[in-house]
Amino acid sequence: MKPYKALIMAAAIMLVGGMSLGASAKVKCVPKVYAFGFAASFNDSIVYFTDIQEIDSAWINDKNKFLIGRDNYSYQLKNYFAGIGLPHRTCIISFALNRKDIEKKYKKMKEKYTKSENFLIKSIDGNEFSFTAIKPDDFDMNSEK
């Protein structure tokens, strides 16, 4: 019975410790992040890549460096496609805090689709679509911690 109690006590300590670590995360505004968007559909073999773009005054979680409102940025791209008559696209955003890192991510992801003969890659120019910075609301500020 004693090992069982010790296990429960260790789990409780880890749970309380994990909660206190999560409370220390802060949301902060960075001058810019670099990002690109990707869109695909299960109904066809065309995949879309946006250009690498600078997003000014983006908000990140200081602890894990996640972009706050990632879903909103993806919806910007999804709404762009819906507006040009291509609904039902699955859209993602990939970001980094410096240009070199995002170029590496962009190259790696694009190579995956270039190697396969099953996909047709199309680029979206920055003049056609660009991400708009999103200021988080109170829910985003508290739920991303």
Compactness summary of the range 76-135: radius of gyration and Dmax from Cα atoms, Å, are 13.3, 40
Given 37 °C, 0.692 mPa s and a Kirkwood radius over Cα pairs, the Stokes-Einstein diffusion coefficient of the range 40-99 in µm²/s is 252 µm²/s
Of the convex hull drawn through the C-alpha atoms of the range 17-122, the volume per residue in Å³ is 128 Å³
Of every hundred units of 1.4 Å-probe accessible area on the range 20-134, the number belonging to carbon and sulfur atoms, as a percent, is 52 percent
Full extension between Asp62 and Met109 adds, at 0.36 nm per residue less the Cα distance, a length in nm of 14.4 nm
For the range 110-117, Karplus-derived ³J(HN,Hα) couplings (6.51, -1.76, 1.60; θ = phi - 60°; whole Hz; x for glycine and proline) come out as 5, 4, 4, 8, 6, 5, 7, 7
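The values are calculated or read from the model by the stated rules, or taken from the named source; none is laboratory data. Since this is a predicted model, take the numbers as computed values, not measurements. The protein model used for the area step is the full one, side chains on, heavy atoms only, and it has no ligands, DNA or RNA in it. Shrake-Rupley method; radii C 1.70, N 1.55, O 1.52, S 1.80 Å.
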